[in-house]
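Derivation of every value follows stated rules applied to the coordinates shown; laboratory data play no part. Please read all numbers here as calculations on a predicted model, not as lab measurements. Methodologically, a virtual Cβ is constructed for each residue, glycine included, from the backbone with ideal geometry; neighbour enumeration extends over all protein chains shown.
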Ligand code: 5GP
Ligand code: MG
């Protein structure tokens, strides 16, 4: 099915998203003052969020990309594309656009921790705690949302809609 605007109801406007991003950025900038950051961006949903948040933080920072792959729905997770820099002894922040079951992120955290970073924290724009399979809590949370599927600002419906500036709920 292709995605049409009639299928969507507005959840957060682009301006509201930017306000949430700035709030998160301000907290992170204060908490990491004097430090250098390595961001980990899980592809592909987080690219809009990472692009915006790094531009609101005035600290030395690098961005690395990682891509996970689920072998089946709810099944084992593997790394499709790994980061390409050494994170041992570095301050690492994972930027998620949304946390749902937490399965992908739990896997990623275990994978990154094996490289012994100095610190490892998680920033998420949206959090859907009702869907959590694993006990995982982000360190920085933009907005908590109810258990509904959202599209836009990097988040897709069957690969469409990532380019929408606003975030929409998908109507049932
Ligand atoms: P988790 O491993 O937490 O279940 O998976 C989180 C990932 O699933 C997110 O990074 C995102 O790519 C995708 N996801 C979870 N909830 C939604 C949603 O409501 N809309 C979209 N488009 N993707 C979602
Ligand atoms: Mg993601």
- Query: When the label point is put 7 Å from the Cα of residue 156 along its Cα-to-beta-carbon vector, which residues of the range 19-49 have a backbone N closer than 18 Å?
  - Reply: 41-49
- Between the alpha carbon centres of the range 42-82 and the range 110-163 the gap in Å comes to 10
- Message: For a Förster distance of 41 Å, can you work out the FRET efficiency between the beta-carbons of residue 165 and residue 133, rounded to the nearest 0.05?
- Response: 0.85
- Round to the nearest 10 and give me the degree value, 0 to 90, for the angle of helix 14-31's Cα axis relative to the longest principal axis of the chain. 20
- Query: Could you give the nm distance between label points at residue 144 and residue 16, where each point is 7 Å from its Cα heading toward the beta carbon?
  - Reply: 1.7
- Query: What angle, in degrees between 0 and 90 and rounded to the nearest 10, separates the Cα long axis of helix 103-113 from the longest principal axis of the Cα atoms of the chain?
  - Reply: 10
- Using 0.36 nm per residue, how much length does the chain from residue 59 to residue 101 gain when fully extended, once their Cα-Cα distance is taken away? 12.0 nm
